[in-house]
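Heads up: the structure comes next, in structure tokens.
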Amino acid sequence: PGRLTDEEFKIMKSHSEIGASMIRNMDFPQDKPLVRTAWEICRWHHERWDGRGYPDGLKGEEIPISAQIVSIADVYDAMTSARVYRGALCPFEVIDTMYKDAFTKFEPEYILPFLKNVASSYINNDVRLSDGRIGKVVLINENALSLPIVQCEDEFIDLSKTRGLTVSAIL
């Protein structure tokens, strides 16, 4: 019902090795390179650019591109999904967090386009701002992806220029 204990987390981390082992032993009708790619994704989707991931502590270009890309989507999905110990995080909060990690945990070449596309997908969505106002995302700031321009009634608010005001929820 709460955060995992150290022992539970150790067990949970073994899923990437177990999944890779299962795929390696399956008889896929597809070409072998596809099986290899699926195996790489299963095994290494928790590796991080700075070498602090698991299960093998791969670093930088040692991590296959397929696993790097899936890891970005996996982290975004995990952070925006509810867990038993916390609710789902606001996508703009996740974009901000992941952007801050763009040069350590992820390869910038892959994460920056991902974040730009995710942020852009919220254009025309209604949002709640941290001060309680409701508005609509009308434009994404290229240099501040987590701080869009929001229209609240007849006012356009550039969150990148409004200190302390953020999107707190997608409605």
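The values are calculated or read from the model by the stated rules, or taken from the named source; none is laboratory data. Bear in mind that the values here come from a model prediction, so they are computed numbers and not experimental data. Because the Cβ atoms are built from the backbone with ideal geometry, glycine has one as well, and the counts that use them run over all protein chains shown. The protein model used for the area step is the full one, side chains on, heavy atoms only, and it has no ligands, DNA or RNA in it. Shrake-Rupley method; radii C 1.70, N 1.55, O 1.52, S 1.80 Å.
Would you say Arg43 is in a helix (DSSP H, G or I), within 25 Å of Ile111 (Cα to Cα), of a type in the set (Lys, Arg) and open to solvent by 30 Å² or more (accessible area, probe 1.4 Å)? If you could, list the steps in order and put the result at the bottom.
Numbers: in a helix (DSSP H, G or I): yes; within 25 Å of Ile111 (Cα to Cα): yes; of a type in the set (Lys, Arg): yes; open to solvent by 30 Å² or more (accessible area, probe 1.4 Å): yes.
Spelling it out, Arg43 is indeed in a helix (DSSP H, G or I), within 25 Å of Ile111 (Cα to Cα), of a type in the set (Lys, Arg) and open to solvent by 30 Å² or more (accessible area, probe 1.4 Å).
Condition first: basic (Lys, Arg) and at pLDDT 95 or above. Can you find one or more residues in segment 22-34 that meet it? So that I can check it myself, show each step before the final result.
Within segment 22-34, the first condition is being basic (Lys, Arg), and the residues that meet it are 24, 32.
From what's left, at pLDDT 95 or above: none.
No: zero hits.
Considering (1) free of Cβ contacts under 8 Å to residues at least 24 places away in the same chain; (2) open to solvent by less than 50 Å² (accessible area, probe 1.4 Å), say which one Arg133 fails and leave the rest.
That leaves (2) as the condition not met.
State yes or no: is Ala102 closer than 30 Å to Leu171 by Cβ, modelled with pLDDT under 95 and either open to solvent by less than 60 Å² (accessible area, probe 1.4 Å) or part of a loop (DSSP other than H, G, I, E, B) (or both)? Can you show your working first?
Numbers: closer than 30 Å to Leu171 by Cβ: yes; modelled with pLDDT under 95: yes; either open to solvent by less than 60 Å² (accessible area, probe 1.4 Å) or part of a loop (DSSP other than H, G, I, E, B) (or both): yes.
So Ala102 fits the description; yes.
For segment 137-171, which positions are open to solvent by 20 Å² or more (accessible area, probe 1.4 Å), part of a loop (DSSP other than H, G, I, E, B) and in contact (Cβ under 8 Å) with a residue 24 or more places away in the chain?
Those that are open to solvent by 20 Å² or more (accessible area, probe 1.4 Å), part of a loop (DSSP other than H, G, I, E, B) and in contact (Cβ under 8 Å) with a residue 24 or more places away in the chain: Glu142, Gly164, Thr166, Leu171.
Yes or no, residue by residue, for (1) open to solvent by 30 Å² or more (accessible area, probe 1.4 Å); (2) part of a loop (DSSP other than H, G, I, E, B):
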| site | (1), (2) |
| --- | --- |
| Ala20 | no, no |
| Asp50 | yes, yes |
| Glu61 | yes, no |
| Val70 | yes, no |
| Leu89 | yes, yes |
| Phe92 | no, no |
| Thr97 | yes, no |
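Does segment 93-131 hold any residues that are more than 26 Å from Glu61 (Cα to Cα) and among the polar types (S, T, N, Q), and which are they? Give the steps one after another, and end with the answer.
In the first step, residues of segment 93-131 are kept if they are more than 26 Å from Glu61 (Cα to Cα); the result is 93, 119-131.
Selection gives Ser120, Ser121, Asn124, Asn125, Ser130.
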